[in-house]
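So the structure is just underneath, and the comments pick up after that.
The values are calculated or read from the model by the stated rules, or taken from the named source; none is laboratory data. Keep in mind it's a predicted model, so treat the numbers as computed, not measured. A quick note on method: Cβ atoms are made from the backbone with ideal geometry, for glycine too, and the neighbour counts reach across all protein chains shown. Calculation scope for accessible area: heavy atoms of the full protein, side chains included, ligands and nucleic acids excluded. Shrake-Rupley method; radii C 1.70, N 1.55, O 1.52, S 1.80 Å.
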Amino acid sequence: MIRLTFLGTGTSTGVPVLGCGCPVCTSTDPKDHRLRSSVFAEWDNFRILIDVGPDFRLQALRHQIQKIDLILLTHTHADHVNGLDDLRPLSFQRPLDVFYPAGCLEILQNRFRYMFEDTGGPTSRPKLIFREMPHPLDLDDSHQIVPIEIFHGDLPIYGYRMGDLAYLTDCSRIPPQSYPLLEGVKIVVVGALRPTPHPTHFTFQQAVEAVERLQPQTIYFTHISHDVCHREIADLVQRRAQPAWDGLVLNIE
Ligand SMILES: [Zn+2]
Ligand SMILES: [Zn+2]
Ligand SMILES: [Zn+2]
């Protein structure tokens with residue numbers, strides 16, 4: 001079983017957006033408050049964090065995350081990796097494996113140079129072991145994580161499949177070769193920014209069109225902007241999908 005907790009469901013700015021006084025940013029509905037997108041998946045005995053954004057510390061406190069077995073990165077945009085330093089206290093007892101998509105190592109090394117430097121002396125840097133994500137990652141005989149190549153504008157990034165769950169954030173196109181890897185999936189979490197087109201993110205409508213051919217039981221949106229309030233998004237897609245919200249927990253058999 002997978003217990004999936006949405007730690008954040010907002011776009012790169014988070015919602016409310018700093019300095020914005022729009023109706024969504026000033027809404028009193030807690031579902032209109034969106035931290036940067038990330039999920040925590042407890043898959044039987046494995047505790048898996050997908051992305052470590054700038055809100056990670058607050059998210060971990062909110063959901064009492066005390067142990068993580070491995071971390072998966074979808075890509076290296078700031079809203080998905082800038083919380084890596086806050087993994088420090090969780091990494092001191094045992095170094096944490098961080099799996100990144102092929103081609104991302106140099107970016108991580110440039111961005112977080114100090115995390116890769118072994119000074120030999122006492123250190124307060126997080127103990128992270130950066131590993132390129134294999135295709136697939138076998139945790140044991142019955143738990144396999146499959147990276148799914150998706151496009152974020154022109155940038156190839158990874159979504160991830162674990163059993164009946166697929167997590168596809170920051171997506172604007174699913175290439176044909178990735179569909180067979182998603183066959184039979186029951187729950188699809190897909191990035192959907194807003195109703196109007198954007199060069200690197202699906203609209204709500206595009207997200208539904210891209211994943212409904214997989215005939216999942218439920219489609220959840222994440223990485224949502226401040227353009228539409230939570231209640232209105234459901235109306236826009238007419239029950240074909242629903243917006244996730246921060247703190248939503250799914251139990252996937
Ligand atoms: Zn993002
Ligand atoms: Zn706003
Ligand atoms: Zn991104």
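See the values below:
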item: Some residue of the range 118-132 being among the hydrophobic types (A, V, I, L, M, F, W, C) and within 16 Å of ligand 3 (Cβ to nearest atom); result: no
item: Output for the range 161-181, where each listed residue is among the small types (Gly, Ala, Ser) and either more than 12 Å from ligand 3 (Cβ to nearest atom) or open to solvent by less than 20 Å² (accessible area, probe 1.4 Å) (or both); result: 163, 166, 178
item: Residue that is closer than 23 Å to residue 15 by Cβ and open to solvent by 10 Å² or more (accessible area, probe 1.4 Å), where the choices are 158, 220; result: 220
item: Test result for residue 148, surrounded by 16 or more Cβ atoms within 10 Å (Cβ to Cβ) and under 16 Å from the mean Cα position of the chain (by Cα); result: yes
item: One residue from 226, 198 being under 23 Å from residue 7 (Cα atoms) and at pLDDT 95 or above; result: 226
item: Test: residue 18 is open to solvent by 10 Å² or more (accessible area, probe 1.4 Å), within 16 Å of ligand 3 (Cβ to nearest atom) and aliphatic (A, V, I, L, M); result: no
item: Top-ranked residue in the range 71-102 [being of a type in the set (Gly, Ala, Ser) and within 16 Å of ligand 1 (Cβ to nearest atom); ranked as surrounded by the most Cβ atoms within 10 Å (Cβ to Cβ)]; result: 83
item: Positions within the range 21-45 being over 22 Å from residue 145 (Cβ atoms) and open to solvent by 60 Å² or more (accessible area, probe 1.4 Å), in sequence order; result: 21, 23, 26, 28, 30, 31, 33
item: Count of residues meeting criterion [farther than 11 Å from residue 210 by Cα, within 16 Å of ligand 1 (Cβ to nearest atom) and among the charged types (D, E, K, R)] in the range 155-184; result: 1
item: Among the residues listed as 149, 132, the single one being within 18 Å of residue 74 (Cα to Cα), charged (D, E, K, R) and touching a strand residue (DSSP E or B) at 6+ places or on another chain (Cβ under 6 Å); result: 149
item: Some residue of the range 195-210 being buried (at least 16 other Cβ atoms within 10 Å of the Cβ), in a loop (DSSP other than H, G, I, E, B) and hydrophobic (A, V, I, L, M, F, W, C); result: yes
item: Complete set of residues in the range 235-253 that are open to solvent by less than 80 Å² (accessible area, probe 1.4 Å) and either under 20 Å from residue 214 (Cα atoms) or in a strand (DSSP E or B) (or both); result: 237, 241, 242, 243, 244, 249, 250, 252
item: Qualifying residue in the range 126-134 (condition: farther than 22 Å from residue 103 by Cα and either surrounded by fewer than 18 Cβ atoms within 10 Å (Cβ to Cβ) or out of contact with any helix residue (DSSP H, G or I) (no Cβ under 7 Å at 6 or more places or on another chain) (or both)); result: no
